[in-house]
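One structure below.
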Amino acid sequence: MRIEGEIEVSHTDPQIQIARRLRVLESLRIGLITDVAETFKSIHLGEERELTRSLGALIASAYLLGRQMGIAPAVIEQEVLEALSVYSLDDEALQEDSATVRRYLDHRA
């Protein structure tokens, strides 16, 4: 507990906890948008190293945002596998890439 001015502030105060959570969510939301922008920028510039970094950051941001919203990483990963199945059905050109990513994810488990 600390005192700000004449007001006593508890770290367990529900209003403080809500404010912190909102701040974290806003930060993650901004980070996610920034990661998408950096990904598109690196594609445009043809910078493979930066593309790899920005894709990694984008995926990490998605997992962290999910956790903050109460979604377990395993649930997100299951949805990724489902999305890969849909991509395989929707676009024949993505079938091989989808299968490669699915094998990678299945092998890690």
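Here are a few things to note about the model shown:
So that you can scan it fast, the table gives a plain yes or no per residue for (1) in the same structural domain as Lys41 (by TED's automatic domain parsing); (2) of a type in the set (Ser, Thr, Tyr); (3) within 11 Å of the chain's Cα centre (by Cα); (4) in a helix (DSSP H, G or I):
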residue	(1), (2), (3), (4)
Ser61	yes, yes, yes, yes
Ala83	no, no, no, yes
Tyr87	no, yes, no, yes
Glu96	no, no, no, yes
Thr100	no, yes, no, yes
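- Only residues that are within 13 Å of the chain's Cα centre (by Cα) and of a type in the set (Gly, Ala, Ser) were counted in the stretch 26-59, giving 5.
Results for (1) in contact (Cβ under 8 Å) with a residue 60 or more places away in the chain; (2) of a type in the set (D, E, K, R); (3) surrounded by fewer than 15 Cβ atoms within 10 Å (Cβ to Cβ), shown as yes or no for each residue.
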| position | (1), (2), (3) |
| --- | --- |
| Arg49 | no, yes, yes |
| Ile76 | no, no, no |
| Glu82 | no, yes, yes |
| Ser85 | no, no, yes |
| Gln95 | no, no, yes |
| Ala99 | no, no, yes |
| Arg102 | no, yes, no |
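Residue-by-condition table, conditions (1) modelled with pLDDT of 95 or more; (2) basic (Lys, Arg); (3) touching a Leu at 6+ places or on another chain (Cβ under 6 Å):
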{"site": "Arg2", "(1), (2), (3)": "no, yes, no"}
{"site": "Gly5", "(1), (2), (3)": "no, no, no"}
{"site": "Thr12", "(1), (2), (3)": "no, no, no"}
{"site": "Gln15", "(1), (2), (3)": "no, no, no"}
{"site": "Ser54", "(1), (2), (3)": "yes, no, no"}
{"site": "Leu84", "(1), (2), (3)": "no, no, no"}
{"site": "Ser88", "(1), (2), (3)": "no, no, no"}
{"site": "Asp91", "(1), (2), (3)": "no, no, no"}
{"site": "Asp106", "(1), (2), (3)": "no, no, no"}
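- The stretch 35-86: number of residues that are over 20 Å from Tyr104 (Cβ atoms) and of a type in the set (Phe, Trp, Tyr): 1
The values are calculated or read from the model by the stated rules, or taken from the named source; none is laboratory data. Not measured: the values here are computed from a predicted model. In this analysis, Cβ positions are derived from the backbone assuming ideal geometry, glycine residues included, and neighbour counts consider all displayed protein chains.
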